[in-house]
There are 4 protein chains.
Amino acid sequence: MRRLRLGMVGGGEGAFIGGVHRMAARLDGRWDLVAGNFQSDPERSIAFGKSLGLAPDRAYADFRTMAASEAKRADRIDAVAIVTPNSTHHAIAREFLTAGIPVICDKPMTITRKHADDLASLVASTGLPFILTHNYSGYAMPRQARAMIEAGELGNIRIVQAEYAQDWLATELPGNKQADWRGDPSRAGPGGALGDIATHTFQLAEFVTGLQAESIAADLEVFVPGRKIDDNVNIMLRFNGGAKGMLWASQVATGSVNGLRLRVFGDKGGIEWAQETPETLLFTPLGGQQRIIRRGGAGLSASATHATRIPGGHPEGYLEGFAQIYSDAAELIRAHSERRHPNPFAKLAPGVADGVRGVAFIEAAVASSAANGAWMSL
Amino acid sequence: MRRLRLGMVGGGEGAFIGGVHRMAARLDGRWDLVAGNFQSDPERSIAFGKSLGLAPDRAYADFRTMAASEAKRADRIDAVAIVTPNSTHHAIAREFLTAGIPVICDKPMTITRKHADDLASLVASTGLPFILTHNYSGYAMPRQARAMIEAGELGNIRIVQAEYAQDWLATELPGNKQADWRGDPSRAGPGGALGDIATHTFQLAEFVTGLQAESIAADLEVFVPGRKIDDNVNIMLRFNGGAKGMLWASQVATGSVNGLRLRVFGDKGGIEWAQETPETLLFTPLGGQQRIIRRGGAGLSASATHATRIPGGHPEGYLEGFAQIYSDAAELIRAHSERRHPNPFAKLAPGVADGVRGVAFIEAAVASSAANGAWMSL
Amino acid sequence: MRRLRLGMVGGGEGAFIGGVHRMAARLDGRWDLVAGNFQSDPERSIAFGKSLGLAPDRAYADFRTMAASEAKRADRIDAVAIVTPNSTHHAIAREFLTAGIPVICDKPMTITRKHADDLASLVASTGLPFILTHNYSGYAMPRQARAMIEAGELGNIRIVQAEYAQDWLATELPGNKQADWRGDPSRAGPGGALGDIATHTFQLAEFVTGLQAESIAADLEVFVPGRKIDDNVNIMLRFNGGAKGMLWASQVATGSVNGLRLRVFGDKGGIEWAQETPETLLFTPLGGQQRIIRRGGAGLSASATHATRIPGGHPEGYLEGFAQIYSDAAELIRAHSERRHPNPFAKLAPGVADGVRGVAFIEAAVASSAANGAWMSL
Amino acid sequence: MRRLRLGMVGGGEGAFIGGVHRMAARLDGRWDLVAGNFQSDPERSIAFGKSLGLAPDRAYADFRTMAASEAKRADRIDAVAIVTPNSTHHAIAREFLTAGIPVICDKPMTITRKHADDLASLVASTGLPFILTHNYSGYAMPRQARAMIEAGELGNIRIVQAEYAQDWLATELPGNKQADWRGDPSRAGPGGALGDIATHTFQLAEFVTGLQAESIAADLEVFVPGRKIDDNVNIMLRFNGGAKGMLWASQVATGSVNGLRLRVFGDKGGIEWAQETPETLLFTPLGGQQRIIRRGGAGLSASATHATRIPGGHPEGYLEGFAQIYSDAAELIRAHSERRHPNPFAKLAPGVADGVRGVAFIEAAVASSAANGAWMSL
C-alpha cells in the first residue's frame, strides 16, 4: 500500500506545531512529506523545504502557487496540512479545497464564524475530506471513554468537568514567536487561552460525552499586564439533556504544564482522564470499585484498540495521539479516493463540524464575558 | 494540666458527625466528654449518654435543661459541641452562649443570615470563644499553604480552583438518616450540597488564600428526582484583589468519595492540596521544579508544625485534622478563662466570622442561581 | 461499658512511640491510662506520670514496684504497655505476666530467641493475653488483603515483594535519643534496621499471605561510618508452598520517609499496599482490570470493615491503625476476663507467636549475612 | 541531510519488536527502511518486504544473501537492525559486520559468553558502530538521572533497587509466537525473564549509576508448570565502591504490565524512575523536599534535553525512547562514515560492551542459582 503524499503550509523555523505534524505523519508510516510552503518569506520557505529533503520544485514560495502547481501534478499531494496562525487558516484551506485537495487543518479552524461556515459549505459542496487536528481525541483512552458512554455504561450524563491548565504565559514573553502570535488578536482571533486550549477542552468534552453544550456563561480574564486577549477562562455550561458543566482553561496557572483533564459523571458511573497520564482511564460504576482501564489492557472497546500501536505498559503519548489523527485522515482520504466507506473508527477524527462548533464556542464565550457572564446559546 | 470538660448536643444513635467529634476530642487528650443531650427523644438521649459512660445526672433530656444545669455546676462543662441538624444550631448556640458557655458548632452555622448575625453579635457581646468545625482547615498542609501565601511565596493570587466531589447522594436513599435531614430544607436550610460541602470548600479557599470572594455567579442543580435542594453546585467567583475562581461541589459525582481539592495560582507560584491525600502539598515556584511538601518534612511553617502529631510518613488523616480544631479550641478556651493571649496558631481555628461568611455564601448562591447566574455580591 | 485501665512502662520525655501508644489507646475510647513507670530515673518518671494526670500513687519509680502494686489493687490495670528499648522487654513482660497482668508489648519482642521462647512459654502457661504492636497489621487494607488471599482471590501465592524504606538514619545523628538506642546492640539487639523495621515488614508479609518463610538469605550492610549494626537489609525468602520473595529494609534510603510496601502475586491475582497511602489496596485479577479497593468502599471483607471508623474518603492513618491494635487488645482482654470467645476479628492482633517469629527472623538474617548469604532456615 | 538507509533481519508477520524498531526508526526522520530479510521462510520474507514498500530486489530470502548483496551496492544500507530470536543474533551480526555493515542489535546480544566476546572482538577489529537496543536508556529521564549521579548530586551511591515486573507469562500461552521462542532455551538462551527483561533492568541500573556489579547471588524460579526456563528472578547485587542492590524481574507478577522501575540512593540524595510514567523523575536531596523533575521542564541536564522532542506535558513514551536509540545510532554511524567525533550524547546509546555485560550477567545468575544462591562474580 503506497504512502500518501503530504503537503504542508506553515511549520517553518521556530514553529512548534509544524514539527509535531511531521513527526505524527511519519510515525505510522502512512504519509510522506513531499511538498510545502513553510514560511511567509519565500526564500526561507524554499530553503526550509530543501532542508527537509523535498524535491526543489516542491518547496514553494507561497501557498497559492503550491495549490495550483500541486493540483496539476500526477503525483500531487493527497492532502495539505495547514499549520499557520489561526487567521490564515480560512484562506489557505479555501485555496486547497477549491483546487480539489483534502485538508488537514490546525485548530481553531478560523477566527470568525462566517469563515467557519464558509469552509463548512465548501467541504459540503466539494465532498472533500477535511480533518481538524483536535489531536487529543486521537488518544486511545478518550475514545474508550466515548465508547463506554455511547454504550450506556455511565447512564445519563449529569456532570462534565473539563479543564486545561498551562503556565507558559504566566509572564510576558517578549520575543517568543509562539507567544507573539497567540497574543495578537489579528492573528489568533478573539480568543487567547480560549482559542488555543479551551477549544481543545470543549471539543474533547463534546467528543467524549456525545453531548452538545446549548449555552455557556463565561468570565474571561487577562492577568498579565499588556496582554490583549484572555489568558484565563472560566465557563459554566449547560448541555442538551440537562447535564451541567464547568470548563477552566488557563495559560497562567503556575506549575501547570499541559493539564488537560476531563471528568464525566452519569447516573450509573463516572470517568476521569488526564492528558499527562494518557494511558489510563479511571472508571467507577455507581456503588462499585474504581477501575483503572489501561490502553492495551482488558475490557477495551474496538475503537480504543483501533487507536493503539504497542502493548500496554509501553507508554504511548502525545505524538501517538497526534499520529492517530493522521492515520485516520489517511484512511478517510484513501476511502474517498477509492469511493468506498472508510473504516468507521477513522470517522472519529474531528472534522469541519468540530471546527464550526469551536468557533461558535469562542464567539459565545467572548460575548458572554462581555455581557458580564450572561448565558449565551451556541 | 487538667483536661477540659466537653458537653455535646446531638450525635446520638445513627449520627455520623457526633462520633467524629468525640474521637477528635479524645485524640489529643485535651478533652473529656462529661455531659450531653444526644437525641431529641429524652429517654434515648439519657440512655445514650450512659452508654458513653457519662454520670447519670449529666445525660440530659433536653438542651435547655443541660445549659441551665451545667451553668450552675462548679465542674461545669468548658464548652458545648453542637452537632445537630443545621436549623437547630442557632437556638442551641444562643442558649449556651447566654448561659456563659463557649460553643464548638458544626457548619453551616445557621440557616439564615439573620440568625448568623445574631450569633455574631452574641459572641461579640459575651466575648465567649466560638469555634466552627470547618475541620479541613485543621489539617497541617492547608495551614502550610496559608503560611506560604501569607509569606508571599505565591505572589499575587490570580486563580482559585476549589472543588468538593462526593457521590453518596447519587441516588435516592430512602430511610437514610444522614440523607434525610440533609435533603429537607426545614432542617438543612436552603442549600443541599451547597450547605453541606460547598461551604467547607468556600471556607477553605478563603482560609488558605487570605482573600475574600466579593461576588459569585451560581448554577445550582437538582439531579436526583424528588430531591428538594441542590445536589450539584457550579459557581464562578471574583475575589478582592482581582483573583478569579471556580467552585464545584457535588454529591452526585459518581465515583467520588470525599474529593475536596484546592488549587491556588499566583504570579510567583502555585499550590495544590487534596483532602484524600492530605499529607502532601504540591508547590511549584514559577519556572522551577515541582516540590512535594510533606507533613513532618522539610521546609514547614511553624503553623503547619503546630498542627502535627507524629513524624512524616506516618499518615495523619481526617480525625487528626478534626482533632486539631478541638486542640485549638481547648487552647482558645483555656486562654479565655485564664485571661491571656492564646497561642497564635490556635487562632487559626475557624470562628463565628467564618460562620457568617458561610451563610452569606449560601444565600448569595441561592439568589444567583434563582436569577439565572447573575453575579451576587457577598 | 467501662473503659479498660492501661499502665505503661517507658514512653517518657523524648520518647516517640510512647506518645503514639497513648494516642492510639485514647482514640477509640476503650482505654484510660491510669498508671505508669515512664523513665528509668525515678523522680522524672513520677513527674512525667503526674504531667499526664495520673494519680500520684500510680506514677511509679520502677516497673517491679508497679507490677507488684498494681497486682494488689481492686482497680488494677487491665494491661501494661511496654514501650521501652528492645533489650528490656523480656524482663518487664515477664514481671507483669507473672503478676497476672496482660501485656501489650512493642516489637521486636526480645533480643534473643531464648527470651522469646521464654515469654511464649509464660504466655502459654498463664493463659494471659499478650499483644505485640506490629501496628501495620491494624490498618484496614492489609486485613482486606489477608481476607482476599484467605478466600483464594489471588490463587496460589507465587511472589512476595516487601520493603520498608526510611532515611532518617542516613547520617550520624549524635545526641538523637531515638537513634542512640537503636544503634546500640546492647539495647536494640543484634539488628538495626533489621530489628526496627524489617521485622514489621516480615510480620506484615506473613500476616497478609498466611504463608511462613522457611528460609532466608541475607546481605546486611552498615553504610554510615561508626554505626555498629545494620542500616540496610537485603533478603531473599523462600516460603512454604513454594513462593519466593524479597525483602528490603533500609534506614539510609535518602528521600524515603516511612515506605512500607507489600506486593503479593498469585496465579489468579495480585495486590499492592503502601503504608503511606493506606486507604487503598490495588488488586488485579489475572487478565482483568486493576481495581482500587478503598477503605469504607465497595466489596470489603468483614475483617476490613471491623478495622474502620469513619466513611471512605475521610482518611484514616497511622494512629487509627495503631488504635485498632489497642481496640483488638481491649476485646481480647475483656473476653479473657469474661471467660468468653473474643470477636474473631480481634484475634487478628499480633501476639506472642509473631514475636517468636520476629526474633527467629532477626537471628536467621544475622547468621545468613555472617555466612555470606547462605540460606538459613527459620 | 539525507536519511540513512536501514536494513532489517527479522520482524516479519507476528513479530512484536520488529514493528517497534520500524516505528522508532521512522519517528525522528533519520532512517528509511530499504532492505530486509524478515522471516525464515523465503517467500514470506519477500512478500512481507514488498508489503512494506521495499524495492523487490531488496526484499531478501535469507540474511547471508542480503549481507552480500547490500555490501556491493552503492546505495547500500547504512546499518542492519537485527530483531530475531536471541540465539541467531551472533551469526547474523557476524555476517553483517564482516561485510562492513554497522549493526543495531536487539538484546540480549547473544546466548553465550563466547559469542558475546567474539562480537566484541569483531567490533573492535572492524571499528564498526554496534548499537544494542537497550531502549529504556533512550528515555530522557534515565539520562537525566545518570547526569545527576555523574555530577555528584546523589553523593556516594549506597543502594540500588531495580525491578521489572510483567504478567503476560503468568499462565501457559500455547501457540503464542512471542511466548514460544522466549520459553525455548535453544532460541532464547539460558534465561527466560532473566534474558528478556532482567538484562534490561541490569543495563539500566549500571547505565544510570555508572557503577558495575561485581558479584550477584540469584534465586531463579519457574512458576508455570512445563516451562523450561525461569519466569521469576530474585537477585542480590554487590557493586564496585560498596553499593548494595536488589533486582527483581518477573513475567508472572499478576497485574503488572511493564513495570520497570529503578531507585538509587546515595549519601546526598535519592532518585526514582518508573518506565510506565517515564516523564518524571523523583529526586530528594538529603534533608530536603522531594522534587518532581519533568522532561521538558526546569533544571534538566544537556543529555536529557538531547533526548527530548516536544515540550513537557506532551507525553513522550516508549516509541520516543526507542527512537532516541535510533537517532543516536544515526549520529554514531554518520560520524563514523564522516570520520569525525560524534555528538557526545549519542555515545550514550548502548553498545557491544553492554552486550557482553548482559550475557555475563545471565551466565552468573544461572550459575549462582544452580549453586543455591552462592555469590558469583561478573
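The values are calculated or read from the model by the stated rules, or taken from the named source; none is laboratory data. This one's a predicted model, so the numbers in the text were calculated from it and none came from an experiment. Cβ placement follows ideal geometry from the backbone for every residue including glycine, while neighbour counts extend to all protein chains displayed.
Is at least one residue of region A:2-11 within 20 Å of A:A67 (Cα to Cα), assigned to a helix (DSSP H, G or I), among the charged types (D, E, K, R) and touching a residue at least 24 places away in the same chain (Cβ under 8 Å)?
no
Given A:P108, A:P142, which one is assigned by TED's automatic domain parsing to the domain that holds A:L27, surrounded by 24 or more Cβ atoms within 10 Å (Cβ to Cβ), within 16 Å of the chain's Cα centre (by Cα) and touching a residue at least 40 places away in the same chain (Cβ under 8 Å)?
Numbers: A:P142 fails: assigned by TED's automatic domain parsing to the domain that holds A:L27.
The unique qualifying residue is A:P108.
Take the residues of region B:254-273 that are in contact with a Lys or Arg (Cβ under 8 Å, 6 or more places away or on another chain) and closer than 22 Å to A:G266 by Cβ: which is surrounded by the most Cβ atoms within 10 Å (Cβ to Cβ)? So that I can check it myself, show each step before the final result.
The first filter runs over region B:254-273 and keeps only residues in contact with a Lys or Arg (Cβ under 8 Å, 6 or more places away or on another chain), leaving B:254, B:257, B:265-267, B:270-273.
Now restrict to residues that are closer than 22 Å to A:G266 by Cβ: B:254, B:257.
Values: B:T254: 28, B:V257: 22.
Applying the filter and picking the extreme gives B:T254.
May I ask you to say which residue of B:L286, B:L319, B:L282, B:L237 is modelled with pLDDT of 95 or more, closer than 29 Å to C:G296 by Cβ and within 14 Å of chain A (Cβ to nearest Cβ)? Explain how you work it out, then say what you get.
On the way: B:L286 fails: closer than 29 Å to C:G296 by Cβ; B:L319 fails: within 14 Å of chain A (Cβ to nearest Cβ); B:L237 fails: closer than 29 Å to C:G296 by Cβ.
Of the residues listed, the single one that is modelled with pLDDT of 95 or more, closer than 29 Å to C:G296 by Cβ and within 14 Å of chain A (Cβ to nearest Cβ) is B:L282.
Kindly indicate whether any position in region B:210-225 is closer than 21 Å to B:P350 by Cβ, at the interface with another protein chain (Cβ under 8 Å from one of its Cβ atoms), touching a Leu at 6+ places or on another chain (Cβ under 8 Å) and part of a strand (DSSP E or B). Full working, then the answer.
We begin by selecting, within region B:210-225, every residue closer than 21 Å to B:P350 by Cβ; these are B:210-214, B:216.
Checking the rest, the ones that are also at the interface with another protein chain (Cβ under 8 Å from one of its Cβ atoms) come to none.
For region B:210-225, residues closer than 21 Å to B:P350 by Cβ, at the interface with another protein chain (Cβ under 8 Å from one of its Cβ atoms), touching a Leu at 6+ places or on another chain (Cβ under 8 Å) and part of a strand (DSSP E or B): absent.
Can you tell me which of A:R30, A:R64 is more than 19 Å from D:D32 (Cβ to Cβ) and modelled with pLDDT of 95 or more?
Numbers: A:R30 fails: more than 19 Å from D:D32 (Cβ to Cβ).
One residue alone meets the criteria, A:R64.
Taking region D:22-61 on its own, how many of its residues are acidic (D, E) and either in contact with a Leu (Cβ under 7 Å, 6 or more places away or on another chain) or surrounded by 14 or more Cβ atoms within 10 Å (Cβ to Cβ) (or both)?
Keep residues of region D:22-61 that are acidic (D, E), which gives D:28, D:32, D:41, D:43, D:57.
Those still in the list that are either in contact with a Leu (Cβ under 7 Å, 6 or more places away or on another chain) or surrounded by 14 or more Cβ atoms within 10 Å (Cβ to Cβ) (or both) too: D:28, D:32.
So the count comes out to 2.
Tell me which residues, restricted to region D:177-218, are surrounded by fewer than 24 Cβ atoms within 10 Å (Cβ to Cβ), of a type in the set (A, V, I, L, M, F, W, C) and more than 24 Å from D:G373 (Cβ to Cβ).
Answer for region D:177-218, where residues must be surrounded by fewer than 24 Cβ atoms within 10 Å (Cβ to Cβ), of a type in the set (A, V, I, L, M, F, W, C) and more than 24 Å from D:G373 (Cβ to Cβ): D:A179, D:W181, D:F207.
I'd like to check something: does region D:297-304 contain any residue that is assigned by TED's automatic domain parsing to the domain that holds D:V257 and more than 30 Å from A:W168 (Cα to Cα)? Talk me through it step by step, then tell me what you get.
Keep residues of region D:297-304 that are assigned by TED's automatic domain parsing to the domain that holds D:V257, which gives D:297-304.
Those still in the list that are more than 30 Å from A:W168 (Cα to Cα) too: none.
No, because not a single residue in region D:297-304 is assigned by TED's automatic domain parsing to the domain that holds D:V257 and more than 30 Å from A:W168 (Cα to Cα).
Can you list residue pairs whose Cβ atoms sit under 9 Å apart, with the first residue in region B:152-174 being on the phi > 0 side of the Ramachandran plot and assigned by TED's automatic domain parsing to the domain that holds B:M236 and the second being assigned to a loop (DSSP other than H, G, I, E, B) and among the basic types (K, R)? Count only pairs 6 or more apart in sequence or on different chains.
Short answer, once both residue conditions are applied: B:G152/B:K268; B:G155/B:K268.
Would region C:77-97 turn up any residue that is free of Cβ contacts under 8 Å to residues at least 24 places away in the same chain and of a type in the set (D, E, K, R)?
Within region C:77-97, not a single residue is free of Cβ contacts under 8 Å to residues at least 24 places away in the same chain and of a type in the set (D, E, K, R).
Tell me which residues, restricted to region C:68-98, are surrounded by fewer than 19 Cβ atoms within 10 Å (Cβ to Cβ), more than 20 Å from C:D184 (Cβ to Cβ) and either among the aliphatic types (A, V, I, L, M) or not assigned by TED's automatic domain parsing to the domain that holds C:H21 (or both).
C:A68, C:A71, C:A74
If only one of B:I92, B:I131, B:I111, B:I82 is touching a helix residue (DSSP H, G or I) at 6+ places or on another chain (Cβ under 8 Å) and within 30 Å of B:I293 (Cβ to Cβ), which one is it? Spell out how you get there, then give the answer.
Working: B:I92 fails: within 30 Å of B:I293 (Cβ to Cβ); B:I111 fails: within 30 Å of B:I293 (Cβ to Cβ); B:I82 fails: within 30 Å of B:I293 (Cβ to Cβ).
Within the list B:I92, B:I131, B:I111, B:I82, the selection yields B:I131.
Regarding region D:274-290, can at least one residue be identified that is closer than 30 Å to D:L220 by Cα and in contact with a Lys or Arg (Cβ under 6 Å, 6 or more places away or on another chain)?
Yes, region D:274-290 contains at least one residue that is closer than 30 Å to D:L220 by Cα and in contact with a Lys or Arg (Cβ under 6 Å, 6 or more places away or on another chain).
Identify the residue in region D:23-64 that is in contact with a Ser or Thr (Cβ under 7 Å, 6 or more places away or on another chain) and closer than 17 Å to D:P85 by Cα and, among all such residues, is nearest to the other protein chains (Cβ to nearest Cβ).
For region D:23-64, the residue satisfying everything is D:F38.
Suppose we filter region C:369-378 for residues that are touching a helix residue (DSSP H, G or I) at 6+ places or on another chain (Cβ under 6 Å) and surrounded by fewer than 16 Cβ atoms within 10 Å (Cβ to Cβ); how many remain?
0
To keep it simple, each residue is scored yes or no on (1) buried (at least 21 other Cβ atoms within 10 Å of the Cβ); (2) assigned to a helix (DSSP H, G or I); (3) in the same structural domain as A:Q203 (by TED's automatic domain parsing); (4) touching a Leu at 6+ places or on another chain (Cβ under 6 Å).
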{"site": "A:P315", "(1), (2), (3), (4)": "yes, no, no, no"}
{"site": "A:A330", "(1), (2), (3), (4)": "yes, yes, no, yes"}
{"site": "A:I333", "(1), (2), (3), (4)": "yes, yes, no, no"}
{"site": "A:F345", "(1), (2), (3), (4)": "no, yes, no, no"}
{"site": "A:A364", "(1), (2), (3), (4)": "yes, yes, yes, yes"}
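Which one is farthest from D:V224 (Cα to Cα), of the residues in region D:245-270 that are touching a helix residue (DSSP H, G or I) at 6+ places or on another chain (Cβ under 8 Å) and more than 8 Å from every other protein chain (Cβ to nearest Cβ)?
My answer is D:V264.
For region B:344-368, what are the residues that are touching a helix residue (DSSP H, G or I) at 6+ places or on another chain (Cβ under 9 Å) and within 14 Å of chain A (Cβ to nearest Cβ)? So that I can check it myself, show each step before the final result.
The initial filter retains those residues of region B:344-368 that are touching a helix residue (DSSP H, G or I) at 6+ places or on another chain (Cβ under 9 Å), namely B:344-363, B:365-366.
Once the filter is applied, which keeps residues that are touching a helix residue (DSSP H, G or I) at 6+ places or on another chain (Cβ under 9 Å) and within 14 Å of chain A (Cβ to nearest Cβ), region B:344-368 yields only B:A365.
Which one is farthest from the other protein chains (Cβ to nearest Cβ) among residues in region B:289-316 that are in contact with a Ser or Thr (Cβ under 9 Å, 6 or more places away or on another chain) and basic (K, R)?
B:R295
Please find, among A:H341, A:H336, the residue that is free of Cβ contacts under 8 Å to residues at least 12 places away in the same chain and either away from chain D (no Cβ under 14 Å) or more than 26 Å from A:T201 (Cβ to Cβ) (or both). Reasoning before the result, please.
Working: A:H336 fails: free of Cβ contacts under 8 Å to residues at least 12 places away in the same chain.
A:H341 is the lone residue from the list that is free of Cβ contacts under 8 Å to residues at least 12 places away in the same chain and either away from chain D (no Cβ under 14 Å) or more than 26 Å from A:T201 (Cβ to Cβ) (or both).
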